[in-house]
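Visitor: One structure, pasted below without further comment.
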Amino acid sequence: MQTGNKSDNNLTAQVEGLLDIAIINALVIEKDFYQTKYLDDAYYILGMSSFYKNRITAAEYYFRTLIDIFPNTSYLNNVNIQMGFIELKIGKINDFEKRIDFILIKDLNNEEKYNYYNLIAYYYEYYNDYNNINENYLKAVEYADSKQKRFYIYNKLLEFSESSNNILNSVNYIEKIQDNNISNSIDRDLLIKWIKYHHILNNHNDVLDKMKLYLEDARTLKDKLFYSIGIARANIYMK
């Protein structure tokens with residue numbers, strides 16, 4: 001699961017259930033074992049679970065409580081990053097800009113750097129600053145340790161490259177999305193975009209080669225027809 005504006009997406013029932021269980025267990029620790037060494041873990045779980053469930057007020061409360069009670073907590077970097085997302089969500093730009101000064105990149109581990117650069121990219125979305133959005137999402141992907149994370153980032157990059165009409169980048173990001181698709185299935189909608197953009201760039205040979213390759217592995221009549229039409233169109237463009 002990603003941080004930041006990803007929490008706006010609908011959660012599956014299974015994830016909702018797991019988050020509810022995490023909240024219940026953490027509340028038990030807070031209530032009955034408030035002197036335990038795991039209390040900061042409980043507040044962190046409550047904050048993160050609330051954030052993912054889009055309970056922003058609750059998330060902010062638990063994160064602030066965690067910092068107040070445990071100012072030297074090992075979660076400090078993560079909490080500041082998550083608080084940054086919250087402040088951007090509720091429009092507290094000045095608070096965000098103050099908070100970001102507390103985060104030292106050199107002190108972050110790779111997971112924290114991944115979240116940090118997601119946060120900075122999210123900040124620049126407010127200003128439609130494509131160059132900085134692109135730069136920070138590309139930095140985030142350097143620290144992504146799973147296909148799911150890279151898949152998420154490249155989808156964000158594609159979204160902004162298309163909005164800025166950067167066709168060359170869009171083609172690249174579509175290919176990266178497919179490379180990091182854990183299902184290994186071909187996304188037909190993305191493939192149609194990929195074909196369209198390559199024809200605009202006059203890369204007709206690339207489309208022809210791809211369609212021939214996919215046609216060889218096609219199993220259904222529908223797929224065979226789709227790739228055959230793609231081959232025919234590529235030949236028309238080339239002539």
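Where a number appears in this text, it was derived from the coordinates with a stated rule and is not lab data. Everything numeric here is computed off the predicted structure, so don't read it as measured data.
Visitor: SER185 to LEU225: extension gain in nm, 0.36 nm per residue of separation minus the Cα-Cα distance?
Guide: Details: separation 40, 0.36 × 40 = 14.40 nm, distance 1.77 nm.
Full extension of this stretch gives 12.6 nm more.
Visitor: Separate question: Lysine pairs in the range 155-218 with alpha-carbon atoms under 16 Å apart, 8 or more places apart or on different chains: how many are there? Mind showing how you got there, number by number?
Guide: Details: LYS156/LYS176; LYS156/LYS193; LYS176/LYS193; LYS176/LYS210; LYS193/LYS210; LYS196/LYS210.
Close lysine pairs under the 16 Å cut-off: 6.
Visitor: May I ask you to compute the full-extension gain from SER146 to GLU97, defined as 0.36 nm times their residue separation minus their alpha-carbon distance, rounded to one decimal in nm?
Guide: Numbers: separation 49, 0.36 × 49 = 17.64 nm, distance 2.94 nm.
Once the chain is fully extended between SER146 and GLU97, it gains 14.7 nm.
Visitor: Want the number for ASN165 to ARG64: 0.36 nm per residue separation, take away the alpha-carbon distance, what's left?
Guide: Values: separation 101, 0.36 × 101 = 36.36 nm, distance 4.08 nm.
Value of the extension gain: 32.3 nm.
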